[in-house]
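Following: one structure in structure tokens, then a few remarks.
The values are calculated or read from the model by the stated rules, or taken from the named source; none is laboratory data. Keep in mind that what you see is a predicted model, and the values were worked out from it rather than measured. Because the Cβ atoms are built from the backbone with ideal geometry, glycine has one as well, and the counts that use them run over all protein chains shown.
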Amino acid sequence: MRTTETAVKSSSSIYYYSEQSASRFGNFISLMLATLLLVGGIVSLYFVKDELRRLGMIGGYTVLFAIGLFFCTSSSKGEIFGATAAFVIIPVPLELC
């Protein structure tokens, strides 16, 4: 049974959402988390001046990114490795400045 409404309320206080709405919400949350990791990492590196802490932060953000890809996508190990390598390339030049 498909409806055009986003949420359908049953006789009790339980709401039923369409699969498309739930998928869009999940995609939105994944996008926000990925953006937060990328922008948050770059901004936080700007404020931390100690080189050892900055390298640790790059490593931490990289691990969080890889874990997020592992749990939020159905990507292969090679695709996760490639995306994580690309993610690391962004903050590293900031570390060298």
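Scanning region 32-60 for residues that are among the aliphatic types (A, V, I, L, M) and either farther than 21 Å from Thr73 by Cα or exposed (fewer than 11 other Cβ atoms within 10 Å of the Cβ) (or both) yields Met32, Val39, Ile42, Val43, Leu45, Val48, Leu52, Leu55, Met57, Ile58.
Residue count for region 71-84 satisfying the condition of being surrounded by fewer than 12 Cβ atoms within 10 Å (Cβ to Cβ) and not polar (S, T, N, Q): 3. Within region 87-97, is even one residue assigned to a helix (DSSP H, G or I), within 15 Å of the chain's Cα centre (by Cα) and at pLDDT 85 or above? For region 87-97, residues assigned to a helix (DSSP H, G or I), within 15 Å of the chain's Cα centre (by Cα) and at pLDDT 85 or above: absent.
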